[in-house]
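Asks: First, the structure itself, so that you have it in front of you.
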Amino acid sequence: MTVLTEAPPATTTGGPRPLRTGAEFLASLDDGRVVMVDGQRVANVATHPAFAGAAQSAARLFDIAADPAMRERMTYPCPETGRPILRAYQIPRSHADLRAKRLASETWSEVSYGLIGRTPDHVAGFFCGYAAVPEVFAAGGERFAGNVVRFYEYLRDNHQWVTYAIVPPQIDRSKPAHRQSDPTLHAGVVREVEGGIIVSGAQQLATAGVFSDWLYLSCIHPLQPGDENYAIGVAMRMNAPGLRLYPRRPFALQVDNAFDNPLTSRFDESDCFVVLDEVFIPWEHVFIHRNLEVCRDQWWKTPAHAYGNLQAQARYVTKLRFMMGLAKRMNEATGNDAVPPVQVQMGELAALAQTVETMLEAQETRATIDANGVVWPCRASLYAVMALQSEMNPRMIDIMREMTGAAMISLPSSVKDLDSPETAADMERYMRSGVSGARDRIALMRLAWDFIGSDFGNRHQQYEKFYGGASHLVKQNMYRNYDFRRATGLVDSALALG
Ligand SMILES: Cc1cc2nc3c(=O)[nH]c(=O)nc-3n(C[C@H](O)[C@H](O)[C@H](O)COP(=O)(O)OP(=O)(O)OC[C@H]3O[C@@H](n4cnc5c(N)ncnc54)[C@H](O)[C@@H]3O)c2cc1C
């Protein structure tokens, strides 16, 4: 690690605090952050009907990590003090460390069946990657390396949740950031002031931003000379003056009971369009300042992107396992489970799910250790799945749809039909399956619809396509990481045969 040359920032607290509980997390959300829904400011994210269900699910993450019975699984001893710290913030120095990080992510992902994408371990992985290779930031000035390491230690010691917005708004993709109709449309530095910089503009799309403690603002989109003002990496608290969050339509607002929308009501993490109106960033929270090379290298010359997306893939594996279980239970309910063509469809689904799971393990088993003793997950294994996910995921959803026929549609309007004296008898008689009563069958099919067909389910399909960036960019990551030398070596040796 780089030797720190600057005084510690105000965010340093002098060692790890006790693990954060769910109640502490919920209380922390009432901090004046500006979240706008239906033209109005949300008074408290933890209690607003758009977010309260998901907030409770997120609180469980912290309770699980703070549970002494989960100490080994979810935490590791702070290198300096020995006090427990979230594995999310562990910089892996052995293959066993990397596996332990993944298992902690797996445990968290099971809380939402893989349906909360940006749990705190996602962006935590990026900061582990930055702190593991601070030299990349030092290329922009030694103090930036110090800043990023100290900020990582602060996040780690205080069990913080960071979201990120690293893609410019779509406004006009035909022009670079500095050629937009107004130079402050894309988020960027507008001026330096005493003690820091001012940033303004917009950025997409801070998933789980309403629940996070911090926003990391940077840019993964290719930038070009002239775009220097947008080549930044800065952190701000979610209640920073001038920061406004515009979540997309919160799906939980459309539902009035958990029986009919069991997933929407609990796991809608939200995706927030971010507006920055003259936000002050103190220098200690600036890690990249007007530097195109460092802005690019943070993603590819550190293990940040690989750590963050190791979490994304661990979560995806859990979601696919849930999908497999759902498909199996639906086939049992419809009585088609033993039909050979249905088993063939299930076989295809299982092959895809198993491929993703095996590739997740390959990231660990094929991981490499750099000169500083830091473990980097195998990026070829990571990007192989990410590059195909935008095609594979819709295929899997399509197989699910094929297998269910009208099962998710020929259902009563709501749980009230099960309870009303006028309708209950019809429900009991005709809504049952060969293996369960009406209530259980309806609950299963509502769960399936919420997974596949509801607004929440459809948003998830968009998420799996785009959470790692548009697929043409992800495929370029794969291109850069494939072992072409070995492949072309084979061809060259065949040509040498004469
Ligand atoms: C549900 C969801 C959650 C997200 N969460 C986050 C988050 O937490 N943080 C964050 O920073 N971002 C997040 N994103 C944003 C995501 O990173 C971007 O949406 C993604 O990078 C795609 O960029 P875009 O939407 O700007 O698409 P564009 O770059 O505008 O591309 C749109 C489409 O145009 C086509 N296209 C454009 N250019 C080319 C080209 N050169 N070659 C071939 N085809 C091309 C492709 O079909 C592409 O899919 C999220 C997105 C979604 C949908």
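The values are calculated or read from the model by the stated rules, or taken from the named source; none is laboratory data. As the structure is a computational prediction, the values presented were derived from the model and not from experiment. Every residue, glycine among them, receives a Cβ derived from its backbone with ideal geometry; neighbour counts consider all protein chains shown. Ligands, DNA and RNA are excluded from the accessible area calculation, which covers all protein heavy atoms including side chains. Shrake-Rupley method; radii C 1.70, N 1.55, O 1.52, S 1.80 Å.
Asks: What's the angle, to the nearest 10 degrees (0 to 90), between helix 340-365's Cα axis and the longest principal axis of the chain?
Replies: In the chain, helix 340-365 runs at an angle near 20 degrees to the longest axis.
Asks: Can you tell me the accessible area per residue over the chain, all protein chains present, probe 1.4 angstrom, in square angstrom?
Replies: 42 Å²
Asks: Work through the residues other than residue 88 whose Cβ is under 9 Å from its Cβ and net out their charges, Lys, Arg +1 and Asp, Glu -1.
Replies: With Lys, Arg at +1 and Asp, Glu at -1, the neighbours total +2.
Asks: Please determine, in degrees from 0 to 90 and to the nearest 10, the orientation of helix 379-404 with respect to the longest principal axis defined by the Cα atoms of the chain, where the helix direction is its Cα long axis.
Replies: 20 degrees
Asks: Cross-link candidates for residue 175: which aspartates and glutamates have Cα within less than 14 Å, leaving aside residues fewer than 8 places away along the same chain?
Replies: 227
Asks: Can you give me the % of accessible surface on the chain that is carbon or sulfur? Probe 1.4 Å, all protein chains present, nothing else counted.
Replies: Looking at the chain in its full context, I get 54 percent from C and S.
Asks: Same structure again: Measure off 7 Å from each Cα along the Cα-to-Cβ vector at residue 175 and residue 192, then give the distance between these two points in nanometres to one decimal.
Replies: In this crude spin-label approximation the distance works out to 2.8 nm.
Asks: If you don't mind, another one. I'd like the distance separating the alpha-carbon centroids of segment 409-471 and segment 315-376, in whole Å.
Replies: A separation of 23 Å, based on Cα centres.
Asks: Can you compute the radius of gyration and Dmax for segment 406-497, using only the Cα atoms, both in Å?
Replies: 25.6, 83
Asks: Working from Cα positions, state the angle (0 to 90°, nearest 10) between the long axis of helix 121-132 and the longest principal axis of the chain.
Replies: Tilt relative to the chain: about 20 degrees.
Asks: I'd like to compare 49-60, 105-116: which one has the highest average count of other Cβ atoms within 10 Å, and what's the full order after that?
Replies: 105-116, 49-60
Asks: If you take every residue apart from residue 167 with its C-beta less than 13 Å away from the C-beta of residue 167, what net charge results, scoring Lys and Arg +1 and Asp and Glu -1?
Replies: For residues surrounding residue 167, the net value is 0.
Asks: OK, next. Where a Cα-Cα gap under 24 Å defines reach, which lysines qualify for residue 328, not counting those fewer than 8 residues away within the same chain?
Replies: In chain and number order, the partners are 319.
Asks: With the radius of gyration and the Kirkwood radius both derived from the Cα set of the chain, what is their ratio Rg to Rh?
Replies: Rg/Rh for the chain comes to 0.99.
Asks: Run down the lysines and flag those whose C-alpha is under 23 Å from the C-alpha of residue 301, throwing out any fewer than 8 positions away in its chain.
Replies: 101, 475
Asks: Right, here's the next one. Could you order peptides 421-428, 232-239, 482-489 by the average number of other Cβ atoms within 10 Å of their residues, highest first?
Replies: Packing proxy ranking, top to bottom: 232-239, 421-428, 482-489.
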